[in-house]
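Below you'll find the structure, written out as structure tokens, and then a few comments.
The values are calculated or read from the model by the stated rules, or taken from the named source; none is laboratory data. Since the structure is predicted, the reported quantities are computational estimates derived from the model, not experimental observations. Every residue, glycine among them, receives a Cβ derived from its backbone with ideal geometry; neighbour counts consider all protein chains shown.
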Amino acid sequence: MPSHTTQKSSEPAIGNRPNMAGAPSSSSRPHGLQKGDWESCSISRAHLNELQAQGYLTPTDLVSVRAGLTSYNGEALAENFPNPSKEERVCFVSFLLRGIGFPIHPFLRGLLEYYGLQLHNLTPGSILHIAGFVALCELFLGCEAHFELWRKFFCLVPRSQKGSIFEVGSAEVWRIAGTGYLSGTPKKASEEWPSDWFYIEDVALLDPIRMGLPEFSSAPLKKRHSWRPRSLEEEDSAEIHQLMSKIKTLAQSGLSIIEVMAISIVRGVQPLQFRGLPMWHYNGEDDASRCGRKGPETPAALATILADLYKGEKEEFIRLKRREGFSMYNPPSWVSFNPTTILNPFHESLLIDTNPSICNRNGERSSRGSTAPLHSRRTIIGILTPDSKRIRTYLWSLRREYFTRQATMAQKWPL
């Protein structure tokens, strides 16, 4: 049985907190013995219900969640340490508010595997770095999250005290200096974020090799060679050079990672959630990837959210001029048009996302037998004509129905 701490029930209303990036306050809860330890859970069933209503968590009939904080006779009983069942995993509210969704994005699952991490080994700022990178690739580069490109910009740094790596927030994603990446620094999360954990049912991805998140383990983490920055001796492919040049151009134009994430927030899309279709297929408020979550309605509301996520003044974020980013109505210039898809709307090109890989589907290092096509197979046609856009709208509606059905089946009946 998990150990519990008894405390008075002084649970704050979640509606009084910012919609994004605010860990629940629980000043009466006991803290861990030292920094980096697990802390008594401060998330109740009411918190989880509110997150489901806001669209950060999927409905209970698809993915079940469980709180580590309960009440009995007016007293709050908090678990001191996670004790999930075999089918459960541990997540943090701070991670949800920075872009994680369930089922998780295959790129995040691949990073955990590559670095040898559990989800709780990352920090909120690290999650925000990963979410911003995925959004940048889909919204402005017109490709899925590219693993080799990620390694050009980011590395992992252990967080430790007296030579002992933390149990929670054990490793932090750092941006490599001098690489030309977009500006924008994550704001330090509340010191109480290690207490905002909860249980969630593991959801299998549409890939028989990677079955959702790794099984929970409290084993001490050890630093790996893969955490180091990419070696300068490694040669870059022509694709990496092209993407790096594109990012440099975007940075020189004034685009920041804050603006990139602002687009995702306004669209109501969680970048680190498996969505079936990338964000360049976004179709407005009816888009199936939104999971019912609405974005902020005013620039001031958006600025409040961004001020909780990134360093900077709220006044700066109010003046932020968002660009459109790629969508179905503003597609990347490489969009291919194949008339055969009109006769066969479920062409094999639609199935590339059902076999995600840690490497980008456009790269030559795709692992584990990915069937994803290379860039060279795409037909460059420039911006779609109005007639083509109407055809694409028709095809996309069929694609949305197909992928939505597949994602639901994966959640209810894991393959």
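Quick notes on this one:
- Taken over region 117-142, the criterion of being under 18 Å from TRP197 (Cα atoms) and in a loop (DSSP other than H, G, I, E, B) is satisfied by LEU117, GLN118, LEU122, THR123.
- Some residue of region 189-204 being surrounded by 16 or more Cβ atoms within 10 Å (Cβ to Cβ), within 24 Å of ILE318 (Cβ to Cβ) and modelled with pLDDT of 90 or more: yes
- Residues that are part of a helix (DSSP H, G or I) and in contact (Cβ under 8 Å) with a residue 60 or more places away in the chain, drawn from region 232-242: GLU239, ILE240
- All positions within region 53-88 that are under 19 Å from VAL203 (Cβ atoms) and buried (at least 23 other Cβ atoms within 10 Å of the Cβ): TYR56, LEU57, THR58
- All strands (runs of 3 or more DSSP E) inside region 143-221 with 2 or more residues being out of contact with any Lys or Arg (no Cβ under 7 Å at 6 or more places or on another chain) and of a type in the set (A, V, I, L, M): 154-158
- Selection within region 243-274 - in a helix (DSSP H, G or I) and exposed (fewer than 13 other Cβ atoms within 10 Å of the Cβ): SER245, THR249, GLN252
- Within region 43-68, the set of residues being touching a strand residue (DSSP E or B) at 6+ places or on another chain (Cβ under 6 Å) and not hydrophobic (A, V, I, L, M, F, W, C) comprises SER44, SER64, ARG66, GLY68.
- Enumeration of residues in region 294-323 that are of a type in the set (Asp, Glu) and free of Cβ contacts under 8 Å to residues at least 40 places away in the same chain: GLU297, GLU313, GLU315, GLU316
- Wholly enclosed helices (runs of 4 or more DSSP H) of region 33-116 bearing at least 1 residues closer than 30 Å to LYS162 by Cα and touching a residue at least 12 places away in the same chain (Cβ under 8 Å): 93-96, 106-115
- Test: residue in region 73-92 that is modelled with pLDDT of 95 or more, among the hydroxyl-bearing types (Ser, Thr, Tyr) and more than 19 Å from ARG275 (Cα to Cα): no
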